[in-house]
1. Rounded, prolate or oblate: pick one for region 108-204, where a ≥ b ≥ c are the square roots of the eigenvalues of its C-alpha gyration tensor, a/c under 1.5 means rounded, and failing that, prolate if a/b is larger than b/c, else oblate.
2. Among rounded, prolate and oblate, which fits region 172-240 when a ≥ b ≥ c are the square roots of the eigenvalues of its C-alpha gyration tensor, a/c under 1.5 means rounded, and a/b larger than b/c means prolate?
3. Just how far, in whole angstrom, is region 154-232 from region 1-79 if you go by their alpha carbon centroids?
4. Diagonalise the Cα gyration tensor of region 141-271 and give the resulting equivalent ellipsoid semi-axes, square root of 5 times each eigenvalue, largest first, whole Å.
5. Nearest 0.05, what FRET efficiency do Ala293 and Arg190 give at R0 = 35 Å with Cβ-Cβ as r?
6. If amide hydrogens are placed 1.01 Å from N in the peptide plane, which non-local residues have theirs closer than 5 Å to the one on Ala142?
7. Determine ³J(HN,Hα), in whole Hz, for all residues of region 153-159 in sequence, where each value follows from phi through the Karplus function 6.51 cos²θ - 1.76 cosθ + 1.60 and θ = phi - 60°; x replaces Gly and Pro.
8. Given H placed on each backbone N at 1.01 Å, which residues far from Leu167 in sequence or on other chains put an amide H within less than 5 Å of it?
Amino acid sequence: MLPLVILRGTPLEQGRQHGTQLKVRIAANIAVYFDRFLRETLLEREQVHEIAAQYATHIERQSPAYFSNMQGVAEGGGFEFLDIVALNVRYEILYYQFGKMAMEREAQADGCTLFALLPEATTEGHLIIGQNWDWIPEVQGAVLHTHEPDGLQTLAFTESGIVGAKLGFNSEGIGLAINGITTTDDDWTRFNKPAHVRFYEILRQRDFNDAVSVITSEPRACSTNFLIAQPPGFVLDIEAAPDTEGFLSPVDGILTHANHFVNPEALGLTEPPNPRRIYSRRREDRLAELLLAAKPTILEKIQTALRDTQGDPFGLCRHRNLAEPPEQHYVTVTSAIMDLDTKTLHLTDGPPDQSDYQTFSL
């Protein structure tokens, strides 16, 4: 079962509550990530800390609230600050190295398939988004319900210890889902605002255009795909490379996206070689096929689609491939369905064909 943690007060106070209440799960994630940093990117602990220290100085300037929140997590859980920073910039560290090392050997990372359903595609006429979030099996997740000083609330899934929750929504109906994507231009040393800082800031916007601006108003260090939505029917998928963006909208009331650029050539981009990219395209197409067949759909039909195992172990509902070494194991860590009209979040703790959906609401 995923724990629900309620956070109140200033960013520093929220971080302390996060660190205190999720101490055991954060410690587990620190161990998992430093092991993966070494196994997958060949970075020793000292090297990761050097990267984290450099990023910390930039985050303190870019987002003082995020920086204070990380400080609070470290204080509340009794962790070394740079360990917490490393968790919060793990996207830049890992995805940059995935792209770099793909030029030398087979790239292994893939996973995450998201969707959006316009009101016309749902039985209740609601705007619904979600995804299967595929990642490292041992990662410990949590649900954060924050009460901001200005009255805004957020409800979102995060990896314990990471301040910037990666999928969820706020009390104004702004919803977020994400995919990891890469280009040969990705470079963490650009020190642009990290992905998780942007996730955090998106969920603290009240207006759809302001949420989009968090992504488009300045360049990125590494590529990320963002799905932003807000009732009654605002939906935009943004394939954000370091210096350019591609924009996608629903077709027939449905949008799906996985771990690749839909048309990188049109954006003037090059993706690193990855023989697994074919699985990403198959997952994207398969989810669109299932959701189109279910129109107008209801919650149970969406859950059924996200449990689909066609192409296992590389299907929508991801399982370990025991034929591969442990450092190449990925599973659906959580399956998420968000009704942005009712502000309800349905989440699993593990692959959805093996775990029941828990329901959380604002």
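1. Because a/c hits 1.5 or more and a/b fails to exceed b/c, region 108-204 counts as oblate.
2. Prolate shape, in that a/c is at least 1.5 and a/b is the bigger ratio.
3. That distance is 17 Å.
4. 24, 18, 13
5. 0.25
6. Distant-sequence amide H within range of Ala142: Thr158, Ser160.
7. Once rounded to whole Hz, the list reads 10, 10, 9, 7, 8, 9, 7.
8. Phe157
The values are calculated or read from the model by the stated rules, or taken from the named source; none is laboratory data. Quick caveat: nothing in here was measured; it's all calculated off a predicted structure. Counting neighbours? That spans all protein chains shown, and the Cβs are built from the backbone with ideal geometry, glycine included. Remember, those area values only see protein heavy atoms, side chains included, never the ligands or the DNA or RNA. Shrake-Rupley method; radii C 1.70, N 1.55, O 1.52, S 1.80 Å.
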